[in-house]
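This report concerns only the one structure given below.
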Amino acid sequence: MKKSASIRLIAWLSTVAATFLFLFWSMHESSPSSIRPRLSKQDPGTRPGLSAVETASHPSVASTREGEAQPPTKPPGSLSDEELRLINEQARLIDEAANLTARMRKLLSDGDEQKAITEARRLLAHPNREVRVEVLNTLMSIGQPALMELAKMMVTDPDGEIRSDARDAFWNALDGEEDPGLKCALLTEALRSNDVEVRKNALEVLVFLPSRLGFVPLASAIGDPDATVAKLARDNVVFVSGEKFQTRAEAMKWFEENQNNLDSE
């Protein structure tokens with residue numbers, strides 16, 4: 001009996017000791033100072049269960065990060081704001097040109113070419129390119145009577161394409177001009193062009209005008225800044241006068257002394 005009681009006592013003490021150890025371990029584990037901040041090394045924007053890379057690419061996280069606004073997207077093929085602005089500006093310029101040139105085009109359609117030319121002359125230097133395009137179209141339709149205006153556009157227009165079209169129209173219309181005085185004035189205007197080929201073409205026509213008309217613009221071109229133009233001018237002056245000159249002053253001095261002897265035909 002004593003042995004049995006001893007065994008029961010030992011068993012009870014073992015149970016008490018085990019219970020005590022369990023309670024002590026539980027209290028230690030639940031203590032605030034022993035709880036590890038499991039997310040302390042995790043980015044505030046990450047989600048539990050996802051790595052940093054997975055979190056950054058996850059749509060539900062990437063779209064809701066504080067302070068990160070998503071850029072607006074446009075449908076494929078849509079125009080940018082700058083493209084729309086350019087289109088609207090071009091439309092405005094075309095409308096302005098239609099309004100400003102309406103009277104000129106009406107005069108032309110009515111057959112009043114001289115008044116149409118007068119109206120075109122008023123718009124020759126307009127800053128709107130579309131206006132000058134309409135002016136050029138009108139002058140090209142008129143042709144020979146508008147030669148002086150075509151010459152001015154060929155020489156002075158700031159747009160290369162307009163100058164080129166005016167040049168072609170000028171030379172086409174000049175072929176039909178029979179007044180040598182007017183032709184000389186037109187070619188003298190052409191010599192003011194910045195286009196070397198235009199100046200050369202003018203010299204090649206001037207040389208066949210009556211000598212008393214063509215000599216002065218030919219002599220003036222001796223001082224042309226382009227060497228090929230200057231040489232052509234000197235050669236043409238030799239053709240007309242039979243004399244060689246190195247400067248414009250020499251040529252003009254000879255002309256003053258001999259103009260009455262030049263063939264006027």
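The values are calculated or read from the model by the stated rules, or taken from the named source; none is laboratory data. None of these values were measured; they are calculated from a predicted model. Heads up, the Cβs are rebuilt from the backbone with ideal geometry, glycines too, and the neighbour counts pull from every protein chain shown. For accessibility, only protein heavy atoms count, side chains too; no ligands or nucleic acids. Shrake-Rupley method; radii C 1.70, N 1.55, O 1.52, S 1.80 Å.
If you go through the stretch 134-155 one residue at a time, how many are open to solvent by less than 40 Å² (accessible area, probe 1.4 Å) and assigned to a helix (DSSP H, G or I)? Within the stretch 134-155, residues that are open to solvent by less than 40 Å² (accessible area, probe 1.4 Å) and assigned to a helix (DSSP H, G or I) number 13.
Residues are listed down the side, and each one gets a yes or a no for (1) over 26 Å from Asn172 (Cα atoms); (2) open to solvent by 50 Å² or more (accessible area, probe 1.4 Å):
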{"position": "Ser193", "(1), (2)": "no, no"}
{"position": "Val198", "(1), (2)": "no, no"}
{"position": "Phe215", "(1), (2)": "no, no"}
{"position": "Ala230", "(1), (2)": "no, no"}
{"position": "Asp235", "(1), (2)": "no, yes"}
{"position": "Val240", "(1), (2)": "no, no"}
{"position": "Arg248", "(1), (2)": "yes, yes"}
{"position": "Met252", "(1), (2)": "yes, no"}
{"position": "Asn258", "(1), (2)": "yes, no"}
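Checked against the criterion of being over 40 Å from the mean Cα position of the chain (by Cα), more than 29 Å from Pro158 (Cβ to Cβ) and not in a loop (DSSP other than H, G, I, E, B), the stretch 220-233 has no qualifying residue. When we screen Ala102, Ala125, Ala120, Ala116 for residues that are hydrophobic (A, V, I, L, M, F, W, C), more than 21 Å from Asn194 (Cα to Cα) and in contact with a Lys or Arg (Cβ under 9 Å, 6 or more places away or on another chain), the only hit is Ala116.
Summed over the stretch 107-119, residues that are more than 21 Å from Lys183 (Cβ to Cβ) and either open to solvent by less than 30 Å² (accessible area, probe 1.4 Å) or not hydrophobic (A, V, I, L, M, F, W, C) (or both) total 9.
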